[in-house]
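J.: Sending over a structure as structure tokens; questions will come in a sec.
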Amino acid sequence: MGSLHGRHVLVTGVTGFVGQILAAQLREHGARVSGVATQATPVEGVDVREHDLRRHPLDIDGVDDVVHLAGLAAVGPSFDDPQLYISANSAMMTNVGEPILNSSQDCRVLVVSSGAVYGAGDVSPLAEDAALSFGSPYAVSKVLVENQAAYYRERGLPMTVARPFNHIGPGQREGFIVPDLAQKLCDLEPGEVLRAGSLDAQRDYTDVRDVAAAYVRLLECDTPRHAVYNVASGVSRSGWDVLDQLVEVLGIPRPEVEIAEVRALDPSVVTGDATRLREETSWVPEIEFETSISDFVASM
């Protein structure tokens, strides 16, 4: 494992949920961190520039490593505007890869994809060689981004792909199960019915701070042995488990639940296998599910 001390790491999407935490961890490891975002809100210790990566190439002058986090990142809304998800996420990858390809600069790239690229299948947990799926426009966009990364690898660029499974933790914004359920519970009147999507589906949740730590470990690898690495806890929990933990932390009784729309393409169980990452980098998730939920509620 190498050192990040003194290296200039540029994070796309640095003002987002993962980006801010990753930036802090990179700084703790001695890296100089800069970043781009559609809106340049402040991030402590980071030179943040406003940059529309969908339309403009990334400026990589003086950059040693890029972590490409930027992108549209929710499964549900992708069904409402599939072309936006596919075109935007692909364009951002192009605007990361082309400037590096056309320069003489030695710049490594960690491309953040998603565990959503896997189908349900019969195999669990899902390792990196499991079959890919096209169950949502979001998944299609991420498979496309991975193929673009493979193209740039063929052209000689050092690109590694991370496939994180579901993230949770403090600061997560609406549009995901934990913040959405938590807000609904807080807004609920006594005796009122909680309306939610399917809570039967089981997903593999990893704390965002552990996810960021995995990215740091991958950046510390001078020459990763593989092109793709899962980032996952290896444990799946249902939406009911999330609800029960939120209710416990909030100190309220569990309300009656009415299940609304269920997406037909949703796999029932998704569990990730991060053996490859663990064996090559010694990364293991350290933050318990219960702590993640508690810390999220405290951050609301």
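Throughout, read-outs are computed from the coordinates displayed, never taken from laboratory work. Remember, it's a predicted structure, so these values are computed and weren't measured experimentally. Virtual Cβ from ideal backbone geometry, glycine too; neighbours counted across all protein chains shown.
J.: Using r as the Cβ-Cβ distance of residue 268 and residue 102, and R0 as 45 Å, what FRET efficiency do you calculate, to the nearest 0.05?
T.: For residue 268 and residue 102, the calculated efficiency is 0.50.
J.: Next question, about the same structure. Which whole-Hz ³J(HN,Hα) couplings does the stretch 223-236 yield from phi under the Karplus relation 6.51 cos²θ - 1.76 cosθ + 1.60, θ = phi - 60°, glycine and proline marked x?
T.: Going residue by residue, I get 9, x, 7, 10, 8, 9, 9, 6, 10, 7, 8, x, 10, 9 Hz, with x marking Gly and Pro.
J.: Here is a further query. With labels modelled as points extended 7 Å from the Cα through the Cβ direction, what inter-label distance (nm, one decimal) is found for residue 39 paired with residue 280?
T.: In this crude label model, residue 39 to residue 280 measures out at 3.7 nm.
J.: Here's something else I'd like to know. Could you work out how far apart the two model spin labels at residue 155 and residue 241 are, taking each label as a point 7 Å from the Cα in the direction of the beta carbon, and quote it in nm?
T.: The two pseudo-label positions are separated by 4.2 nm.
J.: Find the Rg to Rh ratio for the chain, where Rh is the Kirkwood radius over alpha-carbon pairs and Rg uses the same atoms.
T.: Ratio of gyration radius to Kirkwood radius: 0.96.
J.: How high is the relative contact order of the stretch 204-272, in percent, with contacts defined as C-alpha pairs under 8 Å that are six or more residues apart?
T.: This gives 46 percent for the stretch 204-272.
J.: Ranked highest first by the average count of other Cβ atoms within 10 Å around their residues, in what order do 19-31, 286-298 fall?
T.: Details: 19-31: 19.6, 286-298: 16.7.
The peptides rank, most packed first, as 19-31, 286-298.
J.: At a 10 angstrom cut-off on C-beta neighbours, averaged per residue, how do the peptides 123-133, 247-257 rank from highest to lowest?
T.: Highest mean packing first, the order is 123-133, 247-257.
J.: In nanometres, what is the gap between the two model label sites at residue 256 and residue 123, each 7 Å from Cα along Cα-to-Cβ?
T.: The two pseudo-label positions are separated by 4.5 nm.
J.: Grab the beta carbon distance between residue 184 and residue 220, set R0 = 41 Å, and tell me the FRET efficiency rounded to 0.05.
T.: 0.55
J.: Defining a contact as two alpha carbons under 8 Å apart and six or more residues distant in sequence, what relative contact order in percent does the stretch 100-248 show?
T.: It comes to 28 percent, rounded to a whole number.
J.: If you place +1 on the Cβ of every Lys and Arg, -1 on the Cβ of every Asp and Glu, and leave all else neutral, what size is the dipole of the stretch 84-212 about its Cα centre, to the nearest 20 Debye?
T.: On the way: 10 positive and 16 negative charges, 73 e Å.
Computed about the Cα centre, the dipole is about 360 debye.
J.: A follow-up question, please. Counting residues in the stretch 167-300 as N, plug N into 2.2 N^0.38 Å and put the Cα Rg over that result.
T.: The stretch 167-300 yields a ratio of 1.18.
J.: Answer with one residue from 9, 249, 270: the one whose Cα lies farthest towards the positive end of the charge dipole of the chain, charges on Cβ with Lys, Arg +1 and Asp, Glu -1.
T.: Looking along the dipole axis, the top candidate is 9.
J.: For the chain, calculate the relative contact order in percent as a whole number, restricting contacts to Cα pairs under 8 Å that are 6 or more residues apart.
T.: Working: 599 pairs, mean separation 57.3, N = 300.
In percent, rounded to a whole number, it is 19.
J.: I'd like to verify something in the chain: which complete DSSP H helices, judged by Cα projection on the helix axis, reach 20 Å or more and average at least 1.6 on the Kyte-Doolittle scale?
T.: Span-like helices, by this rule, are absent here.
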